[in-house]
Each structure stands twice: as C-alpha cells, then as structure tokens.
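Input: a single structure, listed below in structure tokens.
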Amino acid sequence: MLLSGLSSYIPVLVFMAISGAIGFLMLLIGRLWRPSHPYKEKLSPYECGIEPEGDAWERVIPRYYVYAMLFLAFDVEALFLFPWAIVFDKIGWFAFIEMVLFIIVLLIGLVYAWAKGALDWRY
Amino acid sequence: MVKLIFIILAGIGVIAALMVVSLKNVVHSAFCLIITLFCVGCIFVLLHAEFLAATQILIYVGAIMVLVIFALMLIDSRETANDRRFHHQSQWVIIVGVILALEIVIFIIPKSKFIVNPEKMIAQTAEAGGNTQLLARYLFTDYLFAFEFASLIILVAVVAAVFLGKRLSPTGKRE
C-alpha cells in the first residue's frame, strides 16, 4: 500500500494511539482491580528496599550533566548518519570519506572523555 | 484539513509554552516543554520537512530534554518553587513583547517571500527524491565544510562538558 503526503503518517498515529492506550489501560485496570489498603510504609517512595532517607528534591552530583551532554553530542552525530545513508549510493566514496572524518573528530572527543575518566561512575 | 491540524498543534504548543513559564513546579514545566517541542516537530511534518521533524524529536525531545531535566536536578528546586514568578518586571516585558510582535507583523511578514505555489514546489521536491534526499545531497556536497565544521563544534562541546564536569566535582577539586 502506497500512501502519499500526510496520510502516510496515519500508521505513526496508530502506533502512538496504541502505545498510549496500553499505558493508560494498564494503570486503569490496575486501579480497578487492586485492593486498596494504603498505609504509611506502603505509600513511601521505593528506594531499592532501604528506608527512604530525605527528600527526592535533592541536588545531585554534576556527573549526570556530563553524561547528558555526551549523549547529546553523540545523538547529533547519529542524526547526521540518516541523510548520509540516503545519499550514500549517489555520492559514493567521497561521502564515505566525509563521514569517516566526521566520526574520527568525534572519536577524539570520546577518547578524551574516556581518558579523563568521565565514563567511569565514581562518587 | 492541514490548516485544522496546524491550528490544533499550534494551539497545544502555545498553551504548553505558557504553562512552561507559569507552572510552579519546574519538573512540570519541563514536561510541558516536551509537549511544546513535540508540537513544533509535528508542525515540521505538516510543512513536509521530515528531516527537521526527526531532528526535533531526536535532539530536542530526546537529548535536550534529558539535559534540561538533569540541569533541574542540579539545582534545589524547593527554593525556586516558592519564589514569586510574576514580579515588577512583567509590565516592561509585556510592553517590549508587544513592540516586538508588532515589528514582526508590520515589517517582517509583508517583506518575506511566501511560496507562491506550494503544491508545485512540493511536487518538485518529491520528484527530486524528497526533502531529506535534497537536503542530504547539498549537505554532503556544497555544504561539506559546514558539515565537517559541525563535528568540531560538537567536539568542543564534549571537551567542555567533560572539563566542567570535573571542575564541578563535589570535592571542589579538578581531580
């Protein structure tokens, strides 16, 4: 089936509707089905089984931010691979060399992060 | 039909954007920002800019929002939640905002070149293999330098993030 224009996004809408409905229905069925006997311990936030300590509104270490930044950088890199893959057969080896250069430059960044220990999780 | 979808998406986007600046809880604001950015992505789809829409979803809704939420985790939002969100600057903001909006309406819109025949242009783009294909062809031939330069900019961002992350370690040392 060949869809043209905006109607080709109908499958996307169907996907979104089904995945949204699954999430909503799971919560709804759970709510209707489960017994409701709340008490203080049950309502407290779950922290791997240990007694919850302090508030969830706490400042976290900035290491998380470095991870997010690295994720963003390599997300941008991955995004450029899509148009590259589309025109690869038209432009050929020239495009290949371009992308190798692009990835090598970003690999320098990854090696730097690795060498500086930004990828190790330490407290 | 397209106009109706656009109005719905734009409406949701604007309402969510207003909620970003008016909600008390910063995490709720961040979630509303996700809705706004997603609506912008859908509008890109309506404009037949598929690659831009993918960029919007992957980079903005995906990566940038992770970054924003991690940034919110760095600050103590309990203090900001009780701050006054509307203060004496708001009247000046309204004045400047109205002037800027009028500037767009009076000076920019009449002078901007609207596409005279969008259907023809869409057909031409589709004939050339679609928007993404055209964009990719230009990106990897004519705008080669800009493309390679982008990798250097990303490299700078990675190095800076790693360096600052070290500097800001809890012990205060650069490790």
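With the crude spin-label approximation of a point 7 Å out along Cα→Cβ, what separation in nm comes out for residue B:92 versus residue A:31?
Each label point lies 7 Å from its Cα, and together they span 4.6 nm.
Given Cβ point charges of +1 (Lys, Arg) and -1 (Asp, Glu) and nothing else, what value in debye, to the nearest 20, does the dipole of the protein assembly as shown about its Cα centre take?
The dipole magnitude comes to about 500 debye.
Counting partner chain Cβ atoms within 10 Å of every residue's Cβ in B:121-131, what's the average?
The per-residue average across the peptide is 1.
In bins 5 Å wide, starting from 0, what share of all Cα pairs of segment A:2-115 does each bin hold, as a percent?
Taking all Cα pairs of segment A:2-115, the binned fractions are 2, 7, 9, 8, 9, 11, 13, 13, 10, 8, 6, 3, 1, 0 percent.
Let me know the shape class of segment B:6-70, please: from the alpha-carbon gyration tensor, a ≥ b ≥ c as square roots of the eigenvalues, rounded when a/c is under 1.5, otherwise prolate if a/b is greater than b/c, or oblate.
The shape class here is oblate.
Using only helices, what value at 222 nm comes out for chain A when you add -39,500 (n - 2.57) per DSSP H run of length 4 or more and divide by the total residues, to the nearest 500 deg cm²/dmol?
-22500 deg cm²/dmol
Where is the GNM fluctuation largest for chain B (alpha-carbon springs, 10 angstrom cutoff): B:72, B:47, B:100?
B:100
What number, in percent, do you get for the relative contact order of chain B if the mean sequence gap of Cα pairs under 8 Å and at least 6 apart is divided by its residue count?
Relative contact order, chain B: 16 percent.
Which value in deg cm²/dmol, rounded to the nearest 500, describes the helix-derived mean residue ellipticity at 222 nm for chain B, given -39,500 (n - 2.57) per DSSP H run of n ≥ 4 and division by the residue count?
-22000 deg cm²/dmol
Just add up the charged neighbours of residue A:99: K/R +1, D/E -1, any other residue whose Cβ is under 11 Å from the Cβ of residue A:99.
-3
Along the charge dipole of segment B:1-160, Cβ charges K/R +1 and D/E -1, which of B:45, B:151, B:20 sits furthest on the positive end?
Value: B:20.
Top mean-square fluctuation among B:163, B:70, B:31, Gaussian network model of chain B, C-alpha springs under 10 Å?
Largest GNM mean-square fluctuation: B:163.
Mind checking the angle between helix B:2-22 and chain B's longest principal axis? C-alpha axes, 0 to 90 degrees, to the nearest 10.
Value to nearest ten degrees: 10.
Please give the direction-averaged projected area of the C-alpha convex hull for chain B, in square nanometres with one decimal.
Orientation-averaged projected area of the Cα hull: 14.8 nm².
Hey, how many Å between the Cα centroid of segment A:6-53 and the Cα centroid of segment A:62-115?
Centre-to-centre (Cα) distance: 35 Å.
Between the helical axis of B:118-127 and the dominant principal axis of chain B, each derived from Cα atoms, what acute angle in degrees is found, rounded to the nearest 10?
For B:118-127 against chain B, the angle is about 90 degrees.
Can you pull out the trypsin sites (Lys or Arg not before Pro) in segment A:71-123 whose DSSP state is coil and whose Cβ has at most 12 other Cβ atoms within 10 Å?
Sites meeting the loop and neighbour criteria: A:122.
If every alpha-carbon in the protein assembly as shown counts as one equal scatterer, what log10 I(q)/I(0) does Debye give at q = 0.09, 0.11 1/Å?
-0.69, -1.03
Can you pull the mean other chain C-beta count within 10 Å for peptide A:105-118?
Shielding by partners across A:105-118 averages 4.
Once the Cα atoms of helix A:93-115 and of chain A are each reduced to a long axis, what angle between those two axes, in degrees from 0 to 90 to the nearest 10, is obtained?
It is inclined by approximately 40 degrees.
Where a number appears in this text, it was derived from the coordinates with a stated rule and is not lab data. The structure presented is a predicted model; accordingly, all values stated were derived computationally and were not measured. Note that each Cβ is placed from the backbone with ideal geometry, even for glycine, and that neighbours are counted across all protein chains shown.
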